[in-house]
Amino acid sequence: SSFTCYDFLSNAGLMDDFFTLVNRAGLAAYVGDEREQYYMLTKIFVESFKFHNKHYGPTVAFKIYGDPITMTLEEFCVALDIAPVGTASRIDDNPRDLLELYRGITNDDCRTIQRGKIRNIQLPAIKYFAYYIATSILGRENTSNISSYHLAFLIAALTGETPYHLGSLIARRLSNKGPIFGGTIASHILAYLELPLDPTDVKLTPIRLDIAAMKSHQFVTTNSSLENIVYRMLFIDGDEREIPLPQADLFSVRRRSWS
């Protein structure tokens with residue numbers, strides 16, 4: 001999992017807006033708890049993770065090292081400090097509320113959600129929040145495409161409402177195959193269950209969404225530095241503008257519209 005970079009957020013003038021989104025989505029406790037991550041703990045946890053979305057009593061199952069464990073979805077949410085509210089049903093393709101949100105944050109990009117890109121989000125704090133969700137909460141390596149999962153978190157962050165069960169979205173993503181992150185989630189679960197860490201496990205080097213990561217995402221120009229951050233805003237017609245940050249009045253998430 002990747003952690004936020006407070007130096008980048010502060011210098012770009014995005015700190016207040018980022019934590020406004022975090023607090024509205026009810027993720028303050030999760031974001032503020034940067035537990036150490038471990039190689040075997042994470043590998044075994046994500047490779048064994050299963051989500052059983054039963055109509056009554058949905059559960060998750062996984063292994064902590066060699067020990068098989070089953071938890072209710074609600075207990076899983078408690079372990080991650082995420083409120084167990086909203087519908088846990090599978091999200092339909094292109095639901096109207098999420099599609100409208102995507103168009104609202106991208107200045108009316110008319111593509112379907114499945115073809116949308118995080119880079120098309122125009123306000124930098126919202127875009128940064130989407131990258132954080134991708135690697136730190138939804139636990140995916142692919143941080144290019146947007147999905148209904150990202151948008152469900154964004155609708156909570158932008159409106160303060162939680163129509164979708166955020167814990168179930170995390171569980172669904174972890175149960176998918178493919179390159180999966182999830183080191184912070186595994187560490188949260190280990191601590192919640194009060195299980196011992198394998199003393200032979202290897203500690204993972206922390207990764208942050210810092211200036212170098214933001215360059216790789218084409219969030220800022222390649223010659224940007226912490227003292228000179230230049231944001232790359234993409235428009236639907238392919239045009240692009242380079243805008244020095246901070247620009248609090250222009251990019252505030254408290255304004256409407258969000259593009």
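If R₀ is 45 angstrom, what is the calculated FRET efficiency for the pair residue 63 and residue 249, using the beta carbon separation as r and rounding to 0.05?
For R0 = 45 Å, the calculated efficiency reads 0.35.
Over the alpha-carbon set of the stretch 128-176, work out the extent along each principal axis and list the three values in angstrom, largest first.
Sorted largest first, the three principal extents are 27, 23, 15 Å.
Quick check: at a probe of 1.4 Å, how many percent of the accessible area of the chain sits on carbon and sulfur atoms?
Carbon-and-sulfur percentage of accessible area, whole number: 49.
Starting from the Cα of residue 117, draw a straight line to each of the lysines and keep only those under 19 Å, dropping any in the same chain fewer than 8 residues away.
The reachable lysines, counting only those whose Cα sits under 19 Å from residue 117, are 127, 215.
Please report the accessible area of residue 39 (heavy atoms, 1.4 Å probe, ligands and nucleic acids excluded) in Å², nearest 10.
Per-residue accessible area (residue 39): approximately 110 Å².
Distance from the Cα centre of the stretch 193-259 to that of the stretch 1-69, in angstrom?
When both Cα centres are located, 18 Å separates them.
If you rank 77, 110 by how much accessible surface each has, with a 1.4 Å probe, what is the order from largest down?
Sorted descending by solvent-accessible area, the residues read 110, 77.
Ordering 43, 127 by how much accessible area each has at a 1.4 Å probe, largest first, what is the list?
43, 127
Mind putting a number on the dipole of the chain about its Cα centre? Charges go on the C-beta only, +1 for Lys and Arg and -1 for Asp and Glu, and I need it in Debye to the nearest 20.
640 debye
Taking K and R as +1 and D and E as -1, what net charge do the other residues with C-beta under 14 Å from the C-beta of residue 83 add up to?
-3
Angle check, please: helix 15-24 long axis (alpha carbons) against the longest principal axis of the chain (alpha carbons), in degrees 0 to 90, nearest 10.
50 degrees
What does the charge count near residue 189 come to, summing +1 for each Lys or Arg and -1 for each Asp or Glu among other residues with Cβ under 13 Å from its Cβ?
-3
Roughly how tilted is helix 166-175, in degrees to the nearest 10 and between 0 and 90, from the longest Cα axis of the chain?
70 degrees
Which entry in (i) 52, 40, 28; (ii) 53, 39, 32; (iii) 64, 41, 35 is this structure's computed Cα extents along the principal axes in Å?
(i)
In square angstrom, what is the accessible area per residue of the stretch 1-122 with a 1.4 angstrom probe?
Each residue of the stretch 1-122 exposes 48 Å² on average to a 1.4 Å probe.
How far apart, in nm, are the 7 Å Cα→Cβ label points at residue 96 and residue 33?
Once both label points are built, they end up 3.8 nm from each other.
Let me cross-check residue 15: its accessible surface, 1.4 Å probe, with only protein heavy atoms counted, in Å² to the nearest 10?
Looks like 50 Å² after rounding.
Hey, which lysines would be in cross-link range of residue 43, C-alpha to C-alpha under 20 Å, not counting anything within fewer than 8 residues on its own chain?
Once the sequence-local lysines are set aside, what remains near residue 43 is 63, 177, 203.
Along the positive direction of the dipole of the chain (beta-carbon charges: Lys, Arg +1; Asp, Glu -1; about the Cα centre), which of 68, 95, 25 reaches farthest?
Farthest along the dipole direction, towards plus: 95.
With only alpha-carbon atoms counted, please give the Rg and Dmax of the stretch 89-222, in Å.
Taking only Cα atoms of the stretch 89-222, I get Rg and Dmax of 16.1, 52 Å.
The values are calculated or read from the model by the stated rules, or taken from the named source; none is laboratory data. The structure displayed is predicted, hence computed values, not measured ones. Note: ideal-geometry Cβ built from the backbone for every residue, glycine included; neighbour counts use all protein chains shown. Each accessible area value is taken on the protein alone, full model and side chains, heavy atoms only, with ligands, DNA and RNA left out. Shrake-Rupley method; radii C 1.70, N 1.55, O 1.52, S 1.80 Å.
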